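Heads up, the thing below is written out as structure tokens.
Computed from the coordinates by the stated procedures, all read-outs in this text should not be read as laboratory data. This one's a predicted model, so the numbers in the text were calculated from it and none came from an experiment. Backbone-built Cβ (ideal geometry, glycine too); neighbour counts: all protein chains shown.
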Amino acid sequence: MKVILDTNIFISGVFFGGPPGKILQGWRDRRFTLVLSPEILDEYQRVAKVLNEKCPPVDLTEILELIVVEADMIQSEPLKEPVSADPDDDMFIACALTSGARLIVSGDKHLLNVDGYGGIEVLKSRAFVDRHLLN
């Protein structure tokens, strides 16, 4: 199963654990394939750097290196028109459409509001854990 993780899920998993942390562990355990684009990786890195300056330091080197090596990196095709009310969220939809991923995990209301677009399901982290990682 191919899955796109919104930045809030990735960052929450790295810094705070909880269901997003279980999702990252599920990926490390190869329960699903993480798919991302260079734009998504750039955002992960940018947000992690900002948070790392505000919170106790967390070494992101290992997880980011793992992502570069183990995740499916794709070049997203641009969307023909905006989909989300937040244009920054369209990169996740474009990545899903280009890669054939049918699932985005996010807590972002703009992405949750486009659930079903192009056959893509958008789930909150707890719902993803309950449906896909607890069996």
Partner lysines for Lys22 [C-alpha distance under 16 Å; skip if fewer than 8 residues away on the same chain]: Lys124
Using the charge dipole of the chain (Lys, Arg: +1 at Cβ; Asp, Glu: -1 at Cβ; taken about the Cα centre), state which of Met91, Val114, Met1 has its Cα farthest towards the positive end. Met1
Using the Cα centre as the reference, give the magnitude of the dipole from point charges on the C-beta atoms of the stretch 1-84 (Lys, Arg: +1; Asp, Glu: -1; all else neutral), rounded to the nearest 20 debye. 300 debye
Quick calc: nm separation of the 7 Å Cα→Cβ label points for Leu133 and Gln75 -> 3.2 nm
Would you work out the charge dipole size for the stretch 9-135 about its Cα centre, treating the Cβ of every Lys and Arg as +1 and the Cβ of every Asp and Glu as -1, and quote it to the nearest 20 debye? 520 debye
How many nm is it between the label spots at Asp59 and Asp86, if each spot is 7 Å from the Cα in line with the beta carbon? 3.1 nm
Would you calculate a helix-derived [θ] at 222 nm for the chain, using -39,500 (n - 2.57) for each DSSP H run of n ≥ 4 and dividing by the full residue count, to the nearest 500? -14000 deg cm²/dmol
Just to be sure I understand: of the beta bridges DSSP finds with both ends in the stretch 2-133, what percent are antiparallel, rounded to 5? 0 percent
